[in-house]
Amino acid sequence: MIKRLLPPPVWRFPVLILLAIFVGLGLFVLYLSKAHSYLSDRPETCTNCHIMAPQYATWNHSSHREITNCNDCHVPHDNVLNKYFFKAKDGLRHATIFTLRAEPQVIRIKEAGARVVQDNCIRCHSQLLVDPKLEASVAAHKQTREGRRCVECHRETPHGTVNSLSSVPFARVPLPENPVPEWLKKYLKNK
């Protein structure tokens, strides 16, 4: 079976070279895109694409900044496989849109992401929703279970009213690091 997949002896070396080029280009693209950073929970990772600057800036000025990061709200926490599957699926969609320069002026959360955010609101704030001494909190908890979402009342948490690139044109956000290796910078400088 394996012999059927091998090219004729004359073509083996050129095929090996082409495979090496494609693998090298693939690894270089992964390096330039900082793919490894997406495995972390660092909020600065979200600014690898400049279009997330308003979301980072508004989160950074919110009270959530002290105790959460982007993934605490926007990624499922029911199990590790689901977390990384969701990150990969969402990340590939974001990367495709960014690569094709098709990003919208106003970013709106998709339905799957909205469900995740709702689940995470309840996961983190469940103690506020089920205080048996307060009838209002029990009623509020019942409403969230009956279809209302937390963001219907807490729409500005934690991103405020800002939701477009032009809303915060001068926001201070971490700039992505230059991906050019030091040895290449020195080489180009000496040339």
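The values are calculated or read from the model by the stated rules, or taken from the named source; none is laboratory data. From a predicted model like this one, the values you see are computed outputs, not experimental measurements. Cβ coordinates were reconstructed from backbone atoms using ideal geometry, including for glycine residues, and neighbour counts include every protein chain displayed.
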Looking only at residues in segment 63-84 that are of a type in the set (Val, Ile, Thr) and touching a residue at least 12 places away in the same chain (Cβ under 8 Å), which one is nearest to Thr157 (Cα to Cα)? Thr68
Given (1) among the β-branched types (Val, Ile, Thr); (2) modelled with pLDDT under 85; (3) outside any loop (DSSP other than H, G, I, E, B), number of the condition Thr161 does not satisfy: (3)
Can you find, within segment 75-90, the residue that is modelled with the lowest pLDDT among those that are touching a Phe, Trp or Tyr at 6+ places or on another chain (Cβ under 9 Å) and not aliphatic (A, V, I, L, M)? Lys87
For residues that are outside any helix (DSSP H, G or I) and closer than 17 Å to Cys70 by Cα, scanning just segment 91-126, find the one that is modelled with the lowest pLDDT. Ile107
Please find, among Thr68, Thr45, Thr58, Thr99, the residue that is touching a Gly at 6+ places or on another chain (Cβ under 7 Å) and surrounded by 10 or more Cβ atoms within 10 Å (Cβ to Cβ). Thr58
